Amino acid sequence: MPAVVIYESLTGNTARAAELIAAGLTEQGVPAIACPTTAIDYQALADADLVVVGSWTDGLFFVGQRPAKAGRLAQLPFITGKTCAVFCTYAIDTGKTLDKLSDIMRDRGGDVIGGMAIKRNRLEAGSREFVDRVLGVLSTRS
């Protein structure tokens, strides 16, 4: 089951989390690559059974949180029939960022199995937990 991790990053935190997630999936036997929304590996996306999409949380401190570059995310290629998981990185509060990101990916045809917010000062631990959660859900679907 190959995977691709597509991300939108501003300061590098989400890029780092995406790389950690791809490495964690690969270590657990799910070959994965990470790529930014601006340089998607379309062959990897076509071959992937699992699509992970991540974004940083944009908005004011406690109001209007959303996935960053939501318009760009909404233009991702269709992933109809593919299993999808989402994550966001954040500093203070995520609001409804995960719900909005999940909706975007459902609109692109993804079968969203869940998501997780990863605090920017806990990228390594959060990314490991995300991988464990995703693989746990996938193991119950087999």
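The values are calculated or read from the model by the stated rules, or taken from the named source; none is laboratory data. These numbers were taken from a predicted model, which means no experiment stands behind them. With ideal geometry, Cβ positions are generated from the backbone for all residues, glycine too; neighbour counts draw on all protein chains shown.
If you check G71, G12, which single one turns out to be at positive phi and out of contact with any helix residue (DSSP H, G or I) (no Cβ under 9 Å at 6 or more places or on another chain)?
G12
Could you tell me how many of the residues in segment 104-122 are buried (at least 22 other Cβ atoms within 10 Å of the Cβ) and assigned to a loop (DSSP other than H, G, I, E, B)?
1
Taking the condition touching a Cys at 6+ places or on another chain (Cβ under 9 Å), in contact (Cβ under 8 Å) with a residue 24 or more places away in the chain, under 15 Å from R120 (Cα atoms) and assigned to a helix (DSSP H, G or I), does T94 pass?
no
From the list G71, G59, which residue is under 16 Å from Y7 (Cα atoms) and at pLDDT below 90?
G71
Out of (1) at pLDDT below 95; (2) surrounded by fewer than 23 Cβ atoms within 10 Å (Cβ to Cβ), the odd one out for L101 is which?
(2)
For segment 1-59, how many residues meet the condition of being farther than 16 Å from G110 by Cα, small (G, A, S) and surrounded by fewer than 19 Cβ atoms within 10 Å (Cβ to Cβ)?
The number of residues fulfilling the criteria is 5.
Can you run down the residue pairs with Cβ atoms below 6 Å, 6 or more apart or on separate chains, where the first is in segment 109-121 and under 14 Å from F87 (Cβ atoms) and in contact (Cβ under 8 Å) with a residue 40 or more places away in the chain and the partner is small (G, A, S) and surrounded by fewer than 19 Cβ atoms within 10 Å (Cβ to Cβ)?
Going by the 6 Å Cβ cut-off, the qualifying pairs are R120/A91.
Within segment 85-102, which residues are over 13 Å from the mean Cα position of the chain (by Cα) and farther than 17 Å from A18 by Cα?
I92, D93, T94, G95, K96
So R108 passes all but one of these: (1) within 21 Å of G71 (Cα to Cα); (2) among the charged types (D, E, K, R); (3) out of contact with any Phe, Trp or Tyr (no Cβ under 8 Å at 6 or more places or on another chain). Which condition number does it fail?
Only one criterion is unmet by R108, namely (3).
Determine whether R133 is of a type in the set (K, R), at pLDDT 95 or above, within 16 Å of A32 (Cβ to Cβ) and part of a helix (DSSP H, G or I).
yes
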